[in-house]
1. Name the pairs: first residue in the range 51-67 and more than 19 Å from Gln105 (Cβ to Cβ), second residue among the hydroxyl-bearing types (Ser, Thr, Tyr) and surrounded by fewer than 20 Cβ atoms within 10 Å (Cβ to Cβ), Cβ to Cβ under 9 Å, at least 6 apart or on different chains?
2. Mind checking which residues of the range 90-103 are polar (S, T, N, Q) and either under 13 Å from Lys70 (Cα atoms) or in a loop (DSSP other than H, G, I, E, B) (or both)?
3. What number of residues within the range 162-174 satisfy the criterion of being of a type in the set (Phe, Trp, Tyr) and surrounded by 20 or more Cβ atoms within 10 Å (Cβ to Cβ)?
4. Do we find a residue being at positive phi and either touching a Ser or Thr at 6+ places or on another chain (Cβ under 6 Å) or surrounded by fewer than 20 Cβ atoms within 10 Å (Cβ to Cβ) (or both) anywhere in the range 224-237?
5. Could you count how many residues in the range 21-35 are within 19 Å of Trp75 (Cα to Cα) and either polar (S, T, N, Q) or more than 17 Å from the chain's Cα centre (by Cα) (or both)?
6. Which condition number in (1) part of a helix (DSSP H, G or I); (2) over 29 Å from Val209 (Cβ atoms); (3) of a type outside the set (Lys, Arg) is the one that Ala106 fails?
7. Cβ-Cβ under 9 Å, sequence separation 6+ or interchain: first residue in the range 163-185 and farther than 13 Å from Glu123 by Cβ, partner part of a strand (DSSP E or B) and of a type in the set (Gly, Ala, Ser). Which pairs?
8. Here are some residues: Val87, Val73. Which one is outside any strand (DSSP E or B), of a type in the set (A, V, I, L, M, F, W, C) and touching a residue at least 12 places away in the same chain (Cβ under 8 Å)?
Amino acid sequence: LRRAIELKELELYYQPIVHTDSGNLVAVEALLRWNNPAMGMVMPDRFIPLAEETGLIIPIGEWVLEEACKTAVEWKDITGRNIGVSVNVSPRQFRDPHFTDAVMQALGNSGLAAEQLELEITERLILDNSIETAEILRLLDREGIRLSVDDFGTGYSALSYLKSYPFDTLKIDKSFVQDVMKEPEDASLVRAIINMAHSLGLRVIAEGVEDESQTHFLKAEGCDFSQGYFYSRPLPATEFEEWLKTNQRVQI
């Protein structure tokens, strides 16, 4: 893992985030993969905890930010339109004293507009509820960077953070979305989350959308955006470019 960056074994895959009502592309989420010659494709849940523990998440996180911003600008040159990019932020990375500098540097180096970058923060990180957390989030917000709560509903945090911190978007965890057509309780939960988020002025992304019936439910409930295998699996940058050019749902 220590040599993975210099040996260029890390790779970003991209998954589209679309308008639920039209299916039109609005942004992509950048997802980290480690393509190791000996182990093959290593998924993040296997190596991110190790990277957090050792502190390697700091240089890895900086590389992800630089690469994601640069790629979003390249796609703008290809398509002629803005495509936002969403990047996950780990707790260790967020607490690094140079984190905000790394974010601004990635934007400056790539030329990506601040409002085209969205940082995904987990509920686990927000549980911290420290003065530093609030200051970092407000600083990023002042710079125009968008902020989202990732995997909403899976943590144990108090809902008060939704009004205390300057979030723009709330992502409903796929564990709730996958059974909306089978479990009335899951449907009620998703409906309640969408209504609550909208009443607080937040936009909502449903994760893990896998079939058409789920899209009809989410559309009827007014969910702003959707993401999942129904639209596309995460793809490496070159394949995602092809998806951009050929996908019928996406109007460029």
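1. Close Cβ pairs (under 9 Å, with a partner that is among the hydroxyl-bearing types (Ser, Thr, Tyr) and surrounded by fewer than 20 Cβ atoms within 10 Å (Cβ to Cβ)) do not exist here.
2. Ser90
3. Residues meeting the conditions: 1.
4. no
5. Going through the range 21-35 one residue at a time, the tally reaches 2.
6. (2)
7. Filtered contacts from the range 163-185: Asp168/Ser148; Thr169/Ser86; Thr169/Ser148; Lys174/Ala206; Phe176/Ala206; Val177/Ala206; Val177/Ser226; Val180/Ala206.
8. Going through Val87, Val73 in turn, the sole match is Val73.
The numbers here are math on the coordinates, done by the rules we state, and not lab data. These numbers come from a predicted model, not from an experiment. All Cβ positions, even for glycine, are placed from backbone atoms using ideal geometry, and neighbour counts span all protein chains on display.
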